[in-house]
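For reference, the structure discussed in these notes is given below.
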């Protein structure tokens, strides 16, 4: 316990730098994944053929361990932050893509018909009707993705991406119990807190449903 | 690529067997625990929701973090790994077992009771068979997740294919990493396809029963 307090008083800057790196890389990769997966998901919901291909592909990808995905990227892209970002994006895309596809496939046809009958254009229907209706399921996908990214970003430390995983791997290497507690505890809290915050954002964004 | 396999088949084979062993032990242990827990929890919906939520919280803690927190308590090695893996599996298994058993048609349960079945008989001959597709899906998911997380357990010296991955990475040996990955996928894929087959068969059998009834 004393050692843990000691660490925080002597390594404050380092700790917050690693924490910042961890959060930064998680947000960055999730943002990139959203930019890739949402348009692709909408496309998949329109063309059954494309959907089938992507579903097969990502179904297989889900079976590959995340550690393996991270490590395969390394010899191909070199060390550092680049292979980690690519690998984490690959891990984050499937849940968002699949949920977006499902959300846009199961839009209530009557509502869209009503919007068309009211004279709304295609773009307006998409942004004012379809997107809000698809939001809950899409959001669930994004939540899954970001929690998964935070977990895998811990592993990404091993391939030189920085982040809180550094503390854990150092702790493992030196068998320093204090570092293991600090690293493991921080990652666990970060992941639980993110899930909690994402749930709160969802609740406040969909308040209109519970009037 | 093939040459690497023929030259190092012993190393890869050992790691593969170790990995398979870890997955199997975890599966058997977690099935036992979840079966016992479900027998207790099936009586109270409130308690089961609470327990599932609790395991959900554990499930959302990244595995490396959980390993790190547990090492000071249980030490390095496969014991810690299996403990963590079993805890993760409880979420997947309990959720599927309990929702499967809860979703059994009330009328069927009533019919069973009317026929004079005891609650144990009802469980054994009606609820569990009807919940089988859901239970099998839970087992399938937990095997896939265990296979993946076991690779990470190599970081805490639990052995298995993760060892191949980590050492392949240290020496920048692409073939080693690829073979480690492929062997992992083989385990998960066989479990995935095999159990899906069984699920379909059970579903078909149940479908037949339902139409007859």
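Values quoted throughout were computed directly from the atomic coordinates according to the rules given, and no laboratory measurement underlies them. Note that the coordinates shown come from a computational prediction; the quantities given were computed from them, not determined experimentally. Glycine also receives a Cβ, built like all others from the backbone with ideal geometry; neighbour counts cover every protein chain displayed.
Where the eigenvalues come from the Cα gyration tensor of segment B:69-213, what are the semi-axes √(5λ) of the equivalent ellipsoid, largest first, in whole Å?
Working: eigenvalues 336, 73, 12 Å².
Each semi-axis is the square root of five times an eigenvalue, giving 41, 19, 8 Å.
What do the square roots of 5 times the Cα gyration tensor eigenvalues come to for segment B:100-149, in whole Å, largest first, as semi-axes of the equivalent ellipsoid?
Details: eigenvalues 178, 18, 7 Å².
Those come to 30, 9, 6 Å.
Please find, in a Gaussian network model of chain A (springs between Cα atoms separated by less than 10 Å), the residue of A:176, A:143, A:124 whose mean-square fluctuation is greatest.
A:124
Between B:93, B:64, B:108, where does the largest GNM mean-square fluctuation fall for chain B, given springs only between Cα atoms within less than 10 Å?
B:108
For chain A, modelled as a GNM with alpha-carbon contacts under 10 angstrom, which of A:20, A:162, A:41 fluctuates the most?
Most flexible of the set in this elastic network: A:20.
Could you tell me the distance between the Cα centroids of segment B:17-85 and segment A:4-24, to the nearest Å?
Here the two parts' Cα centres lie 30 Å apart.
Report the calculated FRET efficiency for residue A:12 and residue A:196 (r = Cβ-Cβ distance, R0 = 30 Å), to the nearest 0.05. Can you show the working numbers first?
Numbers: r = 25 Å, r/R0 = 0.83.
The calculated FRET efficiency here is 0.75.
Hey, any idea what the orientation-averaged projected area of the convex hull of the protein assembly as shown's Cα atoms comes to, in nm²?
Hull-based average projected area comes out at 25.5 nm².
Mean residue ellipticity at 222 nm from the helices of chain A, using -39,500 (n - 2.57) per DSSP H segment of n ≥ 4 over the full residue count, to the nearest 500 deg cm²/dmol?
Details: 9 runs with 171 residues, N = 211.
When only DSSP H runs of four or more count, the value is -27500 deg cm²/dmol.
What FRET efficiency do you get for residue B:118 and residue A:60 if R0 is 51 Å and r is their Cβ-Cβ distance, rounded to the nearest 0.05? Could the numbers behind the result be given before it?
Details: r = 46 Å, r/R0 = 0.90.
Plugging the Cβ-Cβ distance into 1/(1 + (r/R0)^6) gives 0.65.
Before anything else, pin down the relative contact order of chain A: Cα pairs under 8 Å, at least 6 apart, normalised by residue count, whole percent. If you can, show how the numbers build up before the last one.
On the way: 224 pairs, mean separation 56.0, N = 211.
Relative contact order of chain A: 27 percent.
Could you state the angle between the C-alpha long axis of helix A:177-205 and the longest principal axis of the C-alpha atoms of chain A, as a value from 0 to 90 degrees rounded to the nearest 10?
The answer is roughly 20 degrees.
Where does helix B:174-212 land angle-wise versus the long Cα axis of chain B, in degrees 0 to 90, nearest 10?
Its long axis makes an angle of about 10 degrees.
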